[in-house]
Ligand code: IMP
């Protein structure tokens, strides 16, 4: 009997999951996405070409690897079709390797409009959504109104589509939103036609069969634990369970089938969109991290907010996920900082705490521990023996505080820029 390993982000997304999954893929037969949708942008770089995947799992560049889009994912057929076409141009044949769950929900053009209308109505308190229709699609899922991938095989699919679209139009009218749905419908239905050419499956059965056959399976998370619908800084979150438990519901696997949980985090923190960010550096230091780290959204191009590593938040994410191995990305970005800070506690209402406060409006003052920077360019380093002593000290402190080993360190965007630590 096999186990399912899980790789997920421990911060606010953009931790570098795409690259790490791509590096780990040779160890796996199956890669499965379990939640989120095209709000994700998983960047992979090899042969000096950058690829961004939004819906398709990051195992597609490894021949022989099976890639599953699980039931917990929401799919926009327009975006999926674009991804399929651009991968085909690169010679990647997905007909055999891509499998799509019948139970995954579809993002309609009207879901995207509802997302835009809802955000516009929020004014200053907007979430900062990627506007891909994620929230409204999950709302229809839990509201029991949604359209699922399996429905595209039914004879009355068009009728069901029109029913839901018209319902959305009523809501859009209440928002006074000028709708343009019909403009996108041709492309959307072309995407649906393309999806019919791929393997549409009962993914929960298939994954459990793979487990029984002792196939090696990696579940690939999207976004990050601090954007989880239940445990993130609500309402500034995404609409799915991004934590480890989301892999059980998003793929149909039992908790005791979970093996390793790889938790990936940046050596500092970033966040796109609104919401609390206690260690944010809204100053020249933050700007320097943004420029050196190319911290601009892979999906939206928006500048990411940057700040120091937050151990209070990291420990929270490790607790929620049961992380067994840590993976640190981008310490190379901090190579020119004389002093590097890490938040080890929060000061809230004059008291020190190691917990995240419930009320997102509570002012938080991070309590920092300072580290001497390594002041060296470590990008592209290949061996753990080459790493500067100061960085080792930084890593060992994180291990000591979290109780979890840092097993992999990524020091550049390419596959080869990856150091494995025993
Ligand atoms: P939505 O899921 O597109 O509605 O966005 C909700 C919040 O999550 C916003 O703050 C987004 O910026 C953020 N978000 C959504 N997807 C990602 C991601 O893949 N990486 C980082 N942030 C994300």
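Seen through its C-alpha gyration tensor, with square-root eigenvalues sorted a ≥ b ≥ c, the range 302-422 comes out prolate because a/c lies at 1.5 or above while a/b is bigger than b/c. In this simple spin-label model, placing a label point 7 Å from the Cα along the Cα-to-Cβ direction at both residue 153 and residue 212 gives a separation of 1.9 nm.
Between residue 102 and residue 160, the modelled labels are 1.1 nm apart [label points 7 Å from Cα along Cα→Cβ].
With Cα atoms defining each centre, the range 171-188 and the range 272-300 are spaced 33 Å apart in the structure.
Helix 109-122 and the longest principal axis of the C-alpha atoms of the chain enclose an angle of approximately 50°.
For the chain, the longest principal axis of the Cα atoms and the long axis of helix 77-89 meet at an angle of about 70 degrees. The range 337-375 and the range 66-137 have Cα centres separated by 36 Å.
With r defined as the distance between the Cβ atoms of residue 352 and residue 302 and R0 fixed at 41 Å, what FRET efficiency is calculated, to the nearest 0.05? For R0 = 41 Å, the calculated efficiency reads 0.75.
Were the residues from residue 283 through residue 187 laid out at 0.36 nm apart, the gain over their Cα-Cα distance would be 30.2 nm. Relative contact order, whole percent, for the range 26-148 stands at 24, derived from Cα pairs under 8 Å and 6 or more residues apart. Only beta bridges with both residues in the range 39-151 are counted; by DSSP, about 55 percent of them are antiparallel.
Summarising the label geometry, the points placed 7 Å from Cα in the beta-carbon direction at residue 361 and residue 170 lie 3.4 nm from one another.
Peptides 150-163, 274-287 ordered by packing proxy, namely the average of other Cβ atoms within 10 Å per residue, highest first: 274-287, 150-163.
Full extension from residue 379 to residue 47: what is 0.36 nm times the residue separation minus their Cα-Cα distance, to one decimal in nm? Stretched fully, the residue 379-residue 47 segment lengthens by 117.9 nm. Stretched out straight at 0.36 nm per residue, the stretch from residue 256 to residue 194 would grow longer than its current Cα-Cα span by 18.7 nm. Here the residues 268, 210, 358, ranked from fewest to most Cβ neighbours within 10 Å of their Cβ, fall in the order 358, 210, 268.
DSSP finds beta bridges in the chain, and of those with both partners inside it, around 40 percent are antiparallel. Identify the residues of the range 35-69 with backbone N under 19 Å of a label point that sits 7 angstrom from the Cα of residue 202 along the Cα-to-Cβ direction, or state none. Taking a point 7 Å out along Cα→Cβ of residue 202, the residues of the range 35-69 whose backbone N falls under 19 Å are 68-69. On C-alpha positions alone, give me the angle between the axis of helix 181-196 and the longest principal axis of the chain, in degrees, nearest 10. Rounded to the nearest ten degrees, it is 90. Applying Stokes-Einstein at 37 °C and 0.692 mPa s to the Kirkwood radius of the chain, computed over alpha-carbon pairs, gives a translational diffusion coefficient of 149 µm² s⁻¹. At an R0 of 25 angstrom, the distance between the Cβ atoms of residue 369 and residue 294 translates into a FRET efficiency of 0.40.
Quick note: the coordinates plus some simple rules give every number you see, no bench work behind them. Remember, it's a predicted structure, so these values are computed and weren't measured experimentally. Positions of Cβ are generated from backbone atoms using ideal geometry, with glycine treated the same way; all protein chains shown enter the neighbour counts.
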